[in-house]
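Here is the structure we will look at, set down as structure tokens.
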Amino acid sequence: MQCPSEEDRRSLLQWARQAIAEAVSQLQLPANIPKEGIFGERRGVFVTLHVHGRLRGCIGVIESQGPLGESIVRCATGAALRDPRFPPLREEELEELEIEISLLSPAEPIRPDEIEIGRHGLLIAYEKQRGLLLPQVATEHRFNRKQFLEEACRKAGLPGQAWSQDDVQVLAFTCEVFSESRRRSKE
């Protein structure tokens, strides 16, 4: 999978914003989902929302469940309305909303000593329990490798040291991360 062009990035961000605006303001999803170009690719994606610089929602899919255009709608509206950590986004918050999109590479097994903070995201898997942390989480919270592994385990509902057990999978992925500029001009 190739890196998205600057035009692709703008298009995906605009699409996420449109989906959120329609879901919040009109209680509906966009009718015509684009399927051409990058919108037709099958990739894991996370959509992260911030209002006034504070996390306001984050929902994603690890593996592609359909074309990227559909996944963006599902994840963007999910982050806005169904992230269990936050109340649903209100219409008056839309103007201050900043959207960040993370396009994921496929997750692959990695040894703990190979993890690069800021480059790798982590997926911890044990039976049906999974915990995922995007690469930017480690840098934002200044985690070292061990802390990053422990937090991913906790996110999976496992003890912090579970990553060191043979039956627990440690997988890594990289992301193409892009967001709207905080200095976005008023439309």
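The values are calculated or read from the model by the stated rules, or taken from the named source; none is laboratory data. Treat the numbers as computed from the prediction; the structure is a model and nothing was measured. Cβ atoms come from the backbone with ideal geometry, glycine included; neighbour counts cover every protein chain shown.
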Q: Please specify each residue of segment 119-128 satisfying the condition of being under 10 Å from F148 (Cβ atoms) and not aliphatic (A, V, I, L, M).
A: H120, G121
Q) Out of all the residues in segment 55-66, is one or more of a type in the set (D, E), farther than 17 Å from L133 by Cα, modelled with pLDDT under 95 and part of a loop (DSSP other than H, G, I, E, B)? A) no
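Take segment 1-42 and flag every residue that is touching a residue at least 40 places away in the same chain (Cβ under 8 Å), part of a helix (DSSP H, G or I) and surrounded by 13 or more Cβ atoms within 10 Å (Cβ to Cβ). Steps first, please.
Taking segment 1-42 first, the residues touching a residue at least 40 places away in the same chain (Cβ under 8 Å) are 1, 3-4, 9, 12-13, 15-17, 19-21, 23-25, 29-30, 33, 41.
Now restrict to residues that are part of a helix (DSSP H, G or I): 9, 12-13, 15-17, 19-21, 23-25.
Across segment 1-42, the qualifying residues are R9, L12, L13, W15, A16, R17, A19, I20, A21, A23, V24.
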Q) What number of residues within segment 153-174 satisfy the criterion of being buried (at least 20 other Cβ atoms within 10 Å of the Cβ) and either out of contact with any Phe, Trp or Tyr (no Cβ under 7 Å at 6 or more places or on another chain) or closer than 22 Å to H50 by Cβ (or both)? A) 3
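Does A125 fit the bill of being in contact (Cβ under 8 Å) with a residue 40 or more places away in the chain, outside the structural domain of Q18 (by TED's automatic domain parsing) and not in a loop (DSSP other than H, G, I, E, B)?
Details: in contact (Cβ under 8 Å) with a residue 40 or more places away in the chain: yes; outside the structural domain of Q18 (by TED's automatic domain parsing): yes; not in a loop (DSSP other than H, G, I, E, B): yes.
Considered against the rule, which asks whether it is in contact (Cβ under 8 Å) with a residue 40 or more places away in the chain, outside the structural domain of Q18 (by TED's automatic domain parsing) and not in a loop (DSSP other than H, G, I, E, B), A125 comes out as yes.
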Q. L94 versus (1) more than 18 Å from the chain's Cα centre (by Cα); (2) outside the structural domain of Q65 (by TED's automatic domain parsing): which is the lone unmet condition?
A. (2)
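The rows are residues; the columns are (1) touching a residue at least 40 places away in the same chain (Cβ under 8 Å); (2) over 17 Å from the mean Cα position of the chain (by Cα).
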position: G118; (1), (2): no, no
position: L133; (1), (2): no, no
position: A138; (1), (2): no, no
position: C153; (1), (2): no, yes
position: E176; (1), (2): yes, no
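Examine segment 86-98 for a residue that is assigned to a loop (DSSP other than H, G, I, E, B), out of contact with any Phe, Trp or Tyr (no Cβ under 6 Å at 6 or more places or on another chain) and on the phi > 0 side of the Ramachandran plot, and state whether such a residue exists.
Within segment 86-98, not a single residue is assigned to a loop (DSSP other than H, G, I, E, B), out of contact with any Phe, Trp or Tyr (no Cβ under 6 Å at 6 or more places or on another chain) and on the phi > 0 side of the Ramachandran plot.
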(Q) Checking L55 against (1) surrounded by 21 or more Cβ atoms within 10 Å (Cβ to Cβ); (2) over 18 Å from W15 (Cβ atoms); (3) out of contact with any Cys (no Cβ under 7 Å at 6 or more places or on another chain), only one condition comes out false. Which one? (A) (1)
